[in-house]
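Structure first, then comments.
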Amino acid sequence: MTTHPTKGRHITGKERQKWRRRMANRYKHGSSIQQLANLTGRSYSFIRRLLMESGVTMRSPGGNQRWKTTAKRW
């Protein structure tokens, strides 16, 4: 992101399409919604909405929890 839009300012049209592509690409490459929100200065719900609009398959909340199920119990 070269510039951060003013918080609360509506993002529409071609600018919104660019945001969708950028956020979807970063999300697909491992960034969390919260990381994207912090990076852009926008809210979690705004970033989530963009991802939903772009058709991204959403990950489960909490990240990779695989280690919890495979950890040896004593």
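Each reported figure results from applying straightforward, stated rules to the coordinates on display, with no laboratory input. Please read all numbers here as calculations on a predicted model, not as lab measurements. Virtual Cβ from ideal backbone geometry, glycine too; neighbours counted across all protein chains shown.
Taking Cβ atoms as reference points and 13 Å as the exclusive limit, the residues near Lys14 contribute a net charge of +4, counting Lys and Arg as +1 and Asp and Glu as -1.
A simple rule links phi to the HN-Hα coupling: the Karplus curve 6.51 cos²θ - 1.76 cosθ + 1.60 with θ = phi - 60°, which for the range 36-46 gives 5, 5, 5, 4, 9, x, 9, 7, 4, 5, 5 Hz, with x for Gly and Pro.
What ranking of Glu15, Glu53 emerges when the number of other C-beta atoms within 10 Å of each C-beta is taken as an exposure proxy, fewest first?
Numbers: Glu15 11, Glu53 14.
Ranked by crowding around the Cβ, least crowded first: Glu15, Glu53.
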